[in-house]
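This report refers to the structure that appears directly beneath it.
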Ligand code: URP
Ligand code: ZN
Ligand code: ZN
């Protein structure tokens, strides 16, 4: 006998309707009415969402001489408590290393996962065997790649590598994702700021102005247009960048766009008080950029909302150096994405419930080869289900979070709704935002090749 979820309002990317769900084993077996079972859970008054998918996290990332506060165990635990049932993290090739070695290392780190997980592969060092290795990765379920146009002298690649990787990914039905900021210019601006003794956190933002994002976006979209390859822009933060994307879409470029809650809800005024907490790349922008990105979501010009979760403690990691350029880049968010987007998106009428599901679940599933197993509520899909009670009010605070980090950028933000239950492939893992299954049951996901998107 399976489990029946009775009386909830099912929300998919396209529909909202009242029906019961019958779960048996790992799958949704039926959707309808009048199912019988020993285990009937009353979910009336609640929304039933497909498990959220965070397609941009960095757990156990070693960078700038330190390691992120969240590893795969703590990060995926926080994720599932917040309603995220799958994450896609980044394996990264370091110079001189093969892609397969980089993947192997990341697999070794990805232990004790509480939600399902997959990997993108960051390519930083192109050579004659890289194309062949990309083919091998496709077979291993790593069907998307990442290129950095920033982080000069470490992760940054040049336009030739972007061109090669795009051509290859088009050939093998992979998808290239890109961090778009002009790293050469940033490097010069940082040197200038340091020589003028401008070391406060606000100079992180000043040395990475919006135009360097816009320049990189328009350049990469030109290369994408030249090759005919589809492309995915990660963590869009600016209105200028969005305008370039709209322009490229008009020219027929098949571009997918991600933004993150921090670029919708936070702005650069935060750099003046404990500003180290907000040192992330791209940096926080202006309120006008927040507004433009919300508008982009409302008009379906942006496809996904991920977190870029990359957590470092404020005490001992972020606040150690009084030089903005020495502070590890990144901020936490994996736990709070669904609640933030519901509270500040749906409740403020900026996006609909169906758009919420599209951006947090269905679109990432379609773009990154998980659909229809994941990303929807349908017969035959994995029973990755979030029961969301919209009537419970709370406040986000580091004091009650599960992320293994000593702050949250959303301290004091109102939170409408509670993750009443999270099911992962048919197993109840979370009840009332508490873990009820202590065994980490997350599995590696072999993702399918890219099929053109939505
Ligand atoms: O500051 C950030 N975002 N750190 C993580 C790496 C990246 O650029 O996505
Ligand atoms: Zn990035
Ligand atoms: Zn990132």
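The values are calculated or read from the model by the stated rules, or taken from the named source; none is laboratory data. The structure displayed is predicted, hence computed values, not measured ones. Don't worry about glycine lacking a Cβ; one is built from the backbone with ideal geometry, like all the others, and counts go over all protein chains shown.
Assorted remarks:
- Count - residues of segment 160-190 that are within 16 Å of ligand 1 (Cβ to nearest atom) and not in a helix (DSSP H, G or I): 7
- Entry remark, segment 142-159: residues being outside any helix (DSSP H, G or I), closer than 27 Å to residue 204 by Cα and away from ligand 3 (no atom under 16 Å from the Cβ) number 3 in total.
- Whichever residue in segment 292-340 is free of Cβ contacts under 8 Å to residues at least 24 places away in the same chain and within 22 Å of the chain's Cα centre (by Cα) and, among such residues, is nearest to ligand 1 (Cβ to nearest atom): 295
- Filter pass, residue 228 being within 27 Å of residue 95 (Cβ to Cβ) and away from ligand 1 (no atom under 16 Å from the Cβ): no
- Among the residues of segment 412-454, those identified as touching a helix residue (DSSP H, G or I) at 6+ places or on another chain (Cβ under 7 Å), part of a loop (DSSP other than H, G, I, E, B) and closer than 19 Å to residue 70 by Cα are 433, 440, 442.
- Matching residues, segment 327-341, being under 17 Å from residue 272 (Cα atoms) and more than 12 Å from ligand 3 (Cβ to nearest atom): 327
- Tally, over segment 16-67, of residues that are within 16 Å of ligand 2 (Cβ to nearest atom) and in a loop (DSSP other than H, G, I, E, B): 4
- Of the residues making up segment 264-273, none is in a loop (DSSP other than H, G, I, E, B), buried (at least 20 other Cβ atoms within 10 Å of the Cβ) and within 16 Å of ligand 2 (Cβ to nearest atom).
- Inspection of segment 251-263 finds no residue satisfying the criterion of being buried (at least 22 other Cβ atoms within 10 Å of the Cβ), more than 19 Å from the chain's Cα centre (by Cα) and at pLDDT 95 or above.
- Any hit, segment 402-411, residues being out of contact with any helix residue (DSSP H, G or I) (no Cβ under 7 Å at 6 or more places or on another chain) and either surrounded by fewer than 20 Cβ atoms within 10 Å (Cβ to Cβ) or in a helix (DSSP H, G or I) (or both): no
- Here residue 1 does not qualify as closer than 21 Å to residue 317 by Cβ and touching a residue at least 12 places away in the same chain (Cβ under 8 Å).
- Only one of 194, 246 that is out of contact with any strand residue (DSSP E or B) (no Cβ under 6 Å at 6 or more places or on another chain), part of a helix (DSSP H, G or I) and without any contact (Cβ under 8 Å) to a residue 60 or more places away in the chain: 246
- Take the conditions (1) at pLDDT 95 or above; (2) farther than 25 Å from residue 364 by Cα; (3) away from ligand 3 (no atom under 16 Å from the Cβ); residue 67 misses just one of them, which is (3).
- Number of the condition not met by residue 72 [criteria: (1) touching a strand residue (DSSP E or B) at 6+ places or on another chain (Cβ under 8 Å); (2) surrounded by fewer than 17 Cβ atoms within 10 Å (Cβ to Cβ)]: (2)
- Leading residue by the ranking (surrounded by the fewest Cβ atoms within 10 Å (Cβ to Cβ)) among those in segment 320-345 that are at pLDDT 95 or above, more than 16 Å from ligand 2 (Cβ to nearest atom) and under 14 Å from residue 64 (Cβ atoms): 326
- Condition met for residue 157 (within 20 Å of residue 94 (Cα to Cα), in contact with a helix residue (DSSP H, G or I) (Cβ under 6 Å, 6 or more places away or on another chain) and within 16 Å of ligand 2 (Cβ to nearest atom)): no
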